[in-house]
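Before any comments, here is the structure.
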Amino acid sequence: MKRVAQTIRLRPERREEYLELHSAVWPGVEAALHRSNIRTFSIFLHGDVLFAYFEYHGDDFEADMAALEADPETQQWWKLTDPCQEPWPDRGDSRQWTELPEIWHLNPLMDRPGLDRQ
């Protein structure tokens, strides 16, 4: 399983539009995410900063992301959501969102030998 965290800015003048869109994500978009082996997807908001977290449970991340990007309904969804977002200037030529490196992760106690499991 691969944990993915991403960030992007939300354009203040498009905030309500973005929140309204995400109050009812299209079922076809959610289905495309599942087909691409994405699980436990959450988006958080602080001020004008969006933070997304998802878990990838597939075997070929790049191929699954390419399939997601090629999905017609997801493309239509992004035509609505992308104008609400402002990418960070240092994102390079990658996707719309900036991927964040994981620097620490707490594993469940049952996975840590020698720890008291009470």
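Below, the figures for the structure above:
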{"read-out": "Selection count, the stretch 39-69, where residues are in contact with a strand residue (DSSP E or B) (Cβ under 9 Å, 6 or more places away or on another chain) and assigned to a strand (DSSP E or B)", "value": "15"}
{"read-out": "Residues of the stretch 10-32 satisfying the condition of being of a type in the set (D, E, K, R) and under 13 Å from the mean Cα position of the chain (by Cα)", "value": "30"}
{"read-out": "Single unsatisfied condition, residue 99 versus (1) loosely packed, with under 15 Cβ neighbours inside 10 Å; (2) touching a strand residue (DSSP E or B) at 6+ places or on another chain (Cβ under 6 Å); (3) modelled with pLDDT of 95 or more", "value": "(3)"}
{"read-out": "Number of positions in the stretch 33-60 that are more than 13 Å from the chain's Cα centre (by Cα) and farther than 20 Å from residue 85 by Cα", "value": "5"}
{"read-out": "Selected residue (criterion: surrounded by the fewest Cβ atoms within 10 Å (Cβ to Cβ)) from residues of the stretch 68-96 that are farther than 17 Å from residue 19 by Cα and among the hydrophobic types (A, V, I, L, M, F, W, C)", "value": "70"}
{"read-out": "Count - residues of the stretch 1-38 that are without any contact (Cβ under 8 Å) to a residue 60 or more places away in the chain and either surrounded by 13 or more Cβ atoms within 10 Å (Cβ to Cβ) or not in a strand (DSSP E or B) (or both)", "value": "23"}
{"read-out": "Qualifying residues in the stretch 44-66 (those that are crowded, with 16+ Cβ neighbours inside 10 Å and aliphatic (A, V, I, L, M)) - the one farthest from residue 2 (Cα to Cα)", "value": "50"}
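The values are calculated or read from the model by the stated rules, or taken from the named source; none is laboratory data. Keep in mind the model is a prediction, meaning the values are calculated, not measured. With ideal geometry, Cβ positions are generated from the backbone for all residues, glycine too; neighbour counts draw on all protein chains shown.
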